[in-house]
Amino acid sequence: MIGIVGGGIVGLAIGRELTRRRPGARIVVLEKESRLAAHQTGHNSGVVHAGIYYRPGSLKAQLCTRGRALMRDYCAEHGIAFEECGKLVVAVEDSEMARFEALARTARDNGVPGLRRLDGRAIADVEPHAVGLAALHSPHTAITDFVAVAESLAREIVAAGGTVHLDAEVTGVDRVAGGLLVRTTTGTHRVHELVLCGGLQSDRLGRLVGGPAEPRIVPFRGEYMRVAPAKQDLVRGMVYPVPDPAYPFLGVHFTRRVGGGLEVGPNAFLALSRDRYGRASVSPRDLVDTASYGGFWRFARRHWRTGVAELRGVLSRSAYMRLAQHYVPAIGPGDVRRAGLGLRAQALAADGSLVDDFVIHRAAGVIAVRNAPSPAATSSLAIAEHVLDRWAG
Ligand SMILES: Cc1cc2nc3c(=O)[nH]c(=O)nc-3n(C[C@H](O)[C@H](O)[C@H](O)COP(=O)(O)OP(=O)(O)OC[C@H]3O[C@@H](n4cnc5c(N)ncnc54)[C@H](O)[C@@H]3O)c2cc1C
């Protein structure tokens with residue numbers, strides 16, 4: 001019996017890969033919520049990234065490229081929407097051009113398929129309502145429905161003889177002869193091996209099996225705006241800013257959704273809960289965990305100015321949309337309404353630095369996915385291959 005903790009796309013991808021590599025092995029998925037994909041997998045931008053941003057050679061760069069191809073094939077095989085509507089990364093100010101050129105080099109090193117560099121005039125050929133000085137066009141960046149992918153992976157696990165337990169929060173793990181005893185809120189499971197994919201709870205789960213205290217997770221909220229139907233077709237695919245390497249997750253962008261509609265976002269601001277989505281939600285336990293972590297205060301001291309700037313966009317729709325209008329001037333504050341929000345698991349090291357790459361810890365009989373930020377949904381099928389290649393070895 002192999003236990004998987006976490007019914008998000010990463011845990012389910014690993015569970016499904018196990019059914020393929022070890023036919024006959026019994027998989028048990030333990031998920032604390034009453035449905036699958038209830039957290040990051042079900043609250044994201046739905047973008048299948050093509051590998052533009054990631055440091056060449058990093059796990060993100062390798063697994064995003066492979067993961068995009070696997071995701072495209074998986075969606076085709078299982079009848080899940082996969083629309084290659086393409087993405088523009090647009091520079092709007094001279095001061096961004098050095099970063100833009102560096103990004104172009106990174107994207108080329110990562111082998112982003114079909115990548116083109118456009119000058120300001122050519123931007124309109126791809127996105128008639130976008131403006132800028134220059135852009136990178138990635139025609140194969142796609143959108144999909146990651147919840148549908150997660151549900152499909154779970155069906156495959158069950159079809160192979162596995163089980164999925166919902167409302168089963170893992171509260172403790174004990175080592176026993178020949179395996180591990182996993183305690184949940186609905187019962188105990190004896191497993192030979194255990195895979196932890198807890199997303200926003202990954203540090204807490206890691207500690208349950210005696211793993212290192214770092215990296216710790218600090219939750220960040222990301223809020224989206226939905227563009228009114230009258231203007232939603234002004235953007236055909238995706239329009240993104242040039243990211244600041246210091247804050248890779250910042251930068252409001254336009255993204256089409258499968259099934260229709262256009263969204264702007266997400267912004268990013270400290271969240272006071274890891275799993276509650278109300279605008280004023282606070283979890284005392286999560287708040288204490290963040291506030292008692294020295295790494296968070298080191299991060300905050302270094303980046304408070306950026307935090308204050310981001311807060312303006314959180315509090316004011318006009319401030320939020322003024323940024324977005326640098327890229328698509330025709331969509332203004334009056335054309336959007338607040339839509340959903342996502343909670344992002346941001347891993348922070350003890351020195352206050354953001355942990356950028358995927359982090360996977362291994363111990364006897366246990367694999368712990370400790371950091372799986374964007375593009376982990378894109379990369380999930382490749383993360384599963386990667387984890388199991390090394391586990392077997
Ligand atoms: C706002 C936002 C936008 C993003 N946009 C994109 C994008 O466009 N493209 C992309 O590729 N990636 C994107 N990402 C990142 C992507 O969503 C995540 O990297 C991915 O979903 C991680 O999957 P996961 O399975 O590790 O985590 P999750 O989906 O968070 O799943 C973890 C699961 O573990 C469960 N769990 C936790 N603790 C326990 C416990 N003790 N017992 C049982 N179960 C437990 C949780 O309930 C949860 O269901 C985005 C993320 C955010 C937040």
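Things worth noting here:
- P(r) tail fraction, the stretch 148-246 - alpha-carbon pairs more than 24 Å apart, %: 51 percent
- Only Cα pairs under 8 Å and 6+ residues apart enter the sum, and on that basis the relative contact order of the chain stands at 24 percent.
- Degrees, to the nearest 10: 9-21 long Cα axis against longest axis of the chain: 50 degrees
- Structural descriptor for the stretch 1-150: relative contact order 30 percent, calculated from alpha carbon pairs under 8 angstrom and at least 6 residues apart.
- When the chain is treated as a GNM with alpha-carbon contacts under 10 Å, the residue of 171, 106, 255 showing the greatest mean-square fluctuation is 171.
- Computed over neighbours whose Cβ is under 13 Å from that of residue 350, the net charge equals -1, Lys and Arg +1, Asp and Glu -1.
- Calculation over all alpha carbon pairs of the stretch 235-393 in 10 angstrom steps from 0 returns a P(r) of 9, 30, 35, 21, 5, 1 percent.
- Among the protein heavy atoms of the stretch 204-316, carbon and sulfur supply 60% of the accessible surface, probe 1.4 Å, non-protein parts ignored.
- In the stretch 44-186, taking the dipole from charged Cβ atoms about the Cα centre, the farthest positive-side position among 75, 100, 118 is held by 100.
- Of 172, 133, 27, farthest towards positive along the dipole that unit charges on Lys, Arg, Asp, Glu beta carbons give the chain: 172
- Between the Cα long axis of helix 59-78 and the first principal axis of the chain there is an angle of about 80°, rounded to the nearest 10.
- Computed with a 1.4 Å probe over protein heavy atoms only, the accessible area of residue 285 comes to about 140 Å².
- Annotation: per residue accessible area for the chain equals 41 Å², rounded to a whole number [probe 1.4 Å, protein chains only].
- Normalised contact order of the stretch 314-370, rounded percent, pairs of Cα under 8 Å and 6 or more residues apart: 16 percent
- The chain: angle of helix 146-159 to the longest principal axis, Cα-based, in degrees nearest 10: 20 degrees
- Couplings for the stretch 338-346, taken from phi via the Karplus curve 6.51 cos²θ - 1.76 cosθ + 1.60 with θ = phi - 60°, read 4, 10, x, 9, x, 10, 9, 7, 9 Hz in order; Gly and Pro are left as x.
- For the stretch 1-156, carbon and sulfur atoms together expose 48% of the accessible surface, with a 1.4 angstrom probe and every protein chain in place.
The values are calculated or read from the model by the stated rules, or taken from the named source; none is laboratory data. Model, not experiment: these values are computed from the prediction. Neighbour counts run over all protein chains shown; Cβ positions are idealised from the backbone, glycine included. SASA here: full protein model, heavy atoms, side chains in, ligands and nucleic acids out. Shrake-Rupley method; radii C 1.70, N 1.55, O 1.52, S 1.80 Å.
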